[in-house]
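Okay, structure first, notes after.
The values are calculated or read from the model by the stated rules, or taken from the named source; none is laboratory data. These numbers come from a predicted model, not from an experiment. Note that each Cβ is placed from the backbone with ideal geometry, even for glycine, and that neighbours are counted across all protein chains shown. Remember, those area values only see protein heavy atoms, side chains included, never the ligands or the DNA or RNA. Shrake-Rupley method; radii C 1.70, N 1.55, O 1.52, S 1.80 Å.
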Amino acid sequence: MTEQTPPAPAITDSHCHLDFPDFEGELPDVIARAAAAGVTRMVTICTRLKNEPSVRAIAEAHDPVFYAAGTHPMSVVEEPMATVDQLVALAQHPKFVGIGETGLDYHYSADSAEVQKESLQIHITAAQETGLPLIIHARAADDDMAAILAQAHKAKPYSCVMHCFSSSAALGRAALDLGFYLSMSGIAAFPKSQEVRDIFASAPLDRILVETDSPYLAPPPHRGKRNEPAYSALTAKVGADVFGLEYADFAAQTQANFDRLFWKAATTGQDSGQ
């Protein structure tokens, strides 16, 4: 009788983009590979609201997939401005679990800073009204981002994840001080990302998520190739090393963290991996 290999510890890819053309025609295989790697759930993110129906359809067609929607800061000039009512209405869907991604990106789009801020505030208000977590993209806008998030939180508390966190230690601390979460992407696994790993290492363990941001930012040994949800396990193994934990223990903690923040995904009857 052959000894069976135990299943991989369960984790969740808290941020991916399964509607992107990179995955066209391959989703069943992508989701199967994720399951084999222990990735029991994934949140696919809609970055332009006109694409929400197709993103929703992916979540409806695949049990492990949940979704969120918003207007990405780099797309905000090209898209109609979202409304609070629109986002609140979308949030009624049982598999809609977060607001965004939204945020500020001055690296590529500094000329649209004021429009980005307007869009960000709309998304914050929707998060405040729905109780769903805000999903933040932040790049080269640390001071404005910290100030806006803090001011809005003081007015009315809300929950939030700093997705694909690779910003400054100051922004990381500002987010953590508000009770927010930091999500570890493949960037944290890059050899030259010690500064990012140090920021995570100084964060509370109960405020850490893992993600791929696939199809982007594949961790080693797949760097430079298409990323996919299965590879969040590779980033989680780096996370375990950062915190000095066994992989199974780190995986279990990130599952508990995800369930706490993305409470709606944890209460829909799907396997939480606990």
Subset of the range 121-148 (residues that are assigned to a helix (DSSP H, G or I), under 20 Å from residue 69 (Cβ atoms) and not charged (D, E, K, R)):
121, 122, 123, 124, 125, 126, 127, 128, 130
For the range 149-158, enumerate the residues that are over 28 Å from residue 17 (Cβ atoms) and in a helix (DSSP H, G or I).
150, 151, 154, 155
Test for residue 84: is it out of contact with any strand residue (DSSP E or B) (no Cβ under 9 Å at 6 or more places or on another chain), closer than 18 Å to residue 133 by Cα and buried (at least 16 other Cβ atoms within 10 Å of the Cβ):
yes
Taking residue 199 as meeting all but one of (1) aliphatic (A, V, I, L, M); (2) buried (at least 22 other Cβ atoms within 10 Å of the Cβ); (3) out of contact with any Gly (no Cβ under 6 Å at 6 or more places or on another chain); (4) part of a helix (DSSP H, G or I), write down the number of the exception.
(3)
How many residues are surrounded by fewer than 23 Cβ atoms within 10 Å (Cβ to Cβ) and touching a His at 6+ places or on another chain (Cβ under 6 Å) if we restrict to the range 131-174?
2
Return the only residue of 249, 259, 213 being out of contact with any strand residue (DSSP E or B) (no Cβ under 8 Å at 6 or more places or on another chain) and either free of Cβ contacts under 8 Å to residues at least 12 places away in the same chain or within 24 Å of residue 24 (Cβ to Cβ) (or both).
249
In the range 22-42, the residues that are open to solvent by 10 Å² or more (accessible area, probe 1.4 Å) and more than 25 Å from residue 136 (Cβ to Cβ):
24, 25, 26, 27, 28, 29, 31, 32, 33, 35, 36, 37
Exactly one condition in (1) at positive phi; (2) at pLDDT 95 or above is false for residue 180; which is it?
(1)
So which residues in the range 171-192 are more than 15 Å from residue 104 (Cβ to Cβ) and part of a helix (DSSP H, G or I)?
172, 173, 176, 177, 186, 187, 188, 189
When the range 1-34 is checked residue by residue, the ones that are under 18 Å from residue 259 (Cα atoms) and of a type in the set (A, V, I, L, M) are 10, 11
